[in-house]
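Chemist: Once you've had a glance at the structure underneath, I'll fire off some questions.
The values are calculated or read from the model by the stated rules, or taken from the named source; none is laboratory data. All of these numbers come straight from a predicted model, not from anything done at the bench. Neighbour counts run over all protein chains shown; Cβ positions are idealised from the backbone, glycine included.
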Amino acid sequence: MLVGFVSTLKVRRCHSVNLGLTLFGLSLLLFIASCSPPTEVIKTSNLTYDANLQKSLTSIALPQNNFKFDYFISDHGYSLRYGFSLVDESRGTIVIAPGQSEFIEGYFELINDFNQNNYNVWIMDWHGQGGSDHALTDYNRAGTNFKNDQDDIKKFISQIVVYEDHMPPIIFAHSMGAHILLGLLSSGQVAIDRAVLSAPMITVKTGLFPHGLSSFVAGFASTLGLGWWYAPGNNEWIDDINYAANDNQNTSDSERSFLKQKWRRSLEHTRKSYGVTLMWFNNYVNSRKRIFNSSVLPNTKTKILMTIPEIDVLVVPEDSLKLCSKIINCRSIFYKGARHELYLERNGIREKWLGHIYKWLNSK
């Protein structure tokens with residue numbers, strides 16, 4: 001779940017209000033939007049789920065016998081969970097970089113698809129998400145440090161992932177994962193042959209608040225030490241017994257729309273970092289600036305395929321298309337009628353999308 005700066009207050013214009021009162025008003029707005037204190041932390045997880053969950057999920061959304069979990073220690077000192085699923089006579093290795101608030105369990109169907117097409121698959125939970133350690137005392141709050149995440153994915157693909165026949169890695173990165181990968185490519189510190197970016201998080205949609213104002217508020221709050229506050233429109237995950245398929249605006253598939261909801265009902269660690277904080281948004285803004293200001297990214301040797309959905313409530317599709325046009329080795333495909341989570345879309349869109357990916361991977 002990404003940030004949505006949705007204002008619930010009507011602000012009256014008053015030309016006599018000075019800067020101090022303006023800043024006070026912004027602080028008050030932030031306080032109203034987020035006033036719950038940090039509570040507890042969850043660190044452990046494993047592949048266990050109750051029988052009801054197993055019955056409620058289709059077999060394609062469950063792991064195969066060849067899937068394994070493990071952990072590695074980040075260079076920043078925390079534990080990160082990862083998983084891998086290997087096949088005989090693989091044609092290559094795909095590394096999956098998930099999006100904001102996501103968890104490995106939500107990618108089992110895609111992992112199975114890649115395995116069936118003879119790719120070994122490796123996937124990592126970002127710091128603060130899924131089975132990985134969480135930095136804040138309240139595990140519900142997302143406080144992503146994008147620079148550290150770049151270090152983590154770099155270590156994962158260079159030291160943890162095992163490649164057959166020295167074949168170069170293929171990265172599949174969704175949303176925030178694509179943002180982190182672009183940040184890494186902008187630094188020029190990693191060699192990646194190909195990268196598929198799904199609904200890349202170039203620019204976050206901020207609702208009624210303009211992106212610039214949202215950036216200022218997040219930066220100001222973080223400077224005051226209030227970065228752990230939820231961004232307006234965000235909170236911890238709360239189960240909704242009346243949850244319906246159309247409540248999930250990230251996919252148009254009536255069955256897959258329940259996938260993450262079912263996992264979160266069953267496994268507590270899948271609820272980590274559900275709510276975006278002002279710290280998260282401020283870190284995203286700074287990371288975004290580095291991507292746009294990079295002189296390395298436009299000339300990267302990594303071949304990039306951007307798959308961009310038309311109906312995206314979380315990120316701005318036009319900005320993804322613009323960035324791709326500035327990168328010499330980037331190709332984009334625009335999917336009309338598709339939503340943010342292409343890997344969970346209805347079959348008509350999803351199969352077309354996967355077909356484009358496989359065709360691109362097989363091309364020279």
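Chemist: Please find, among Lys352, Lys262, Lys289, the residue that is of a type outside the set (Phe, Trp, Tyr) and under 22 Å from Lys147 (Cβ atoms).
Modeler: Only one candidate passes the filter, namely Lys289.
Chemist: Name the single residue, out of those in segment 315-364 being over 15 Å from Ser175 (Cβ atoms), at pLDDT 95 or above and among the polar types (S, T, N, Q), that is nearest to the chain's Cα centre (by Cα).
Modeler: Ser332
Chemist: Further question on the same structure: Please work out which one of (1) among the hydrophobic types (A, V, I, L, M, F, W, C); (2) at pLDDT 95 or above; (3) in a helix (DSSP H, G or I) is the condition Ile32 fails and give its number.
Modeler: So Ile32 meets the others, but not (2).
Chemist: Tell me which residues, restricted to segment 174-189, are modelled with pLDDT under 95 and at positive phi.
Modeler: Gly188
Chemist: Still on this model: Could you check Lys147 against (1) part of a helix (DSSP H, G or I); (2) crowded, with 18+ Cβ neighbours inside 10 Å and say which number it fails?
Modeler: Of everything listed in (1) part of a helix (DSSP H, G or I); (2) crowded, with 18+ Cβ neighbours inside 10 Å, Lys147 misses just condition (2).
Chemist: When you scan segment 183-190, do you find a residue that is surrounded by fewer than 23 Cβ atoms within 10 Å (Cβ to Cβ), of a type in the set (Val, Ile, Thr) and closer than 24 Å to Ser363 by Cα, even just one?
Modeler: yes
Chemist: Further, regarding this structure: Quick one: what pairs do we get from segment 62-91, first residue on the phi < 0 side of the Ramachandran plot and touching a residue at least 12 places away in the same chain (Cβ under 8 Å), second part of a strand (DSSP E or B) and among the acidic types (Asp, Glu), C-beta under 7 Å, 6+ apart or different chains?
Modeler: Sorted first by the residue in segment 62-91, then by its partner, the pairs are Tyr82/Asp70.
Chemist: In segment 99-124, what residues are closer than 21 Å to Leu53 by Cα and in a loop (DSSP other than H, G, I, E, B)?
Modeler: Answer for segment 99-124, where residues must be closer than 21 Å to Leu53 by Cα and in a loop (DSSP other than H, G, I, E, B): Ser101, Glu102, Phe103.
Each row is one residue, and each column tells you yes or no for (1) closer than 24 Å to Asp125 by Cβ; (2) buried (at least 23 other Cβ atoms within 10 Å of the Cβ); (3) acidic (Asp, Glu); (4) at pLDDT below 95.
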site	(1), (2), (3), (4)
Ala218	no, yes, no, no
Asn242	no, no, no, yes
Ala245	no, no, no, yes
Asp253	yes, no, yes, no
Arg264	yes, no, no, no
Lys272	yes, yes, no, no
Thr277	yes, yes, no, no
Phe281	yes, yes, no, no
Ile291	yes, no, no, no
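Chemist: Output the qualifying pairs, or none if there are none: Cβ atoms under 9 angstrom, residues six or more apart or on different chains, first residue in segment 285-307 and on the phi < 0 side of the Ramachandran plot and free of Cβ contacts under 8 Å to residues at least 60 places away in the same chain, second residue surrounded by fewer than 20 Cβ atoms within 10 Å (Cβ to Cβ) and basic (Lys, Arg).
Modeler: Matching pairs, first to second residue: Pro298/Lys326.
Chemist: Right, another one. Return a yes/no flag: does segment 320-339 have any residue that is touching a Cys at 6+ places or on another chain (Cβ under 9 Å) and part of a helix (DSSP H, G or I).
Modeler: Yes - at least one qualifying residue is present in segment 320-339.
Chemist: Out of Ile192, Ile171, I need the residue that is among the β-branched types (Val, Ile, Thr), under 24 Å from Asp319 (Cβ atoms), outside any helix (DSSP H, G or I) and modelled with pLDDT of 95 or more. Which one?
Modeler: Ile171
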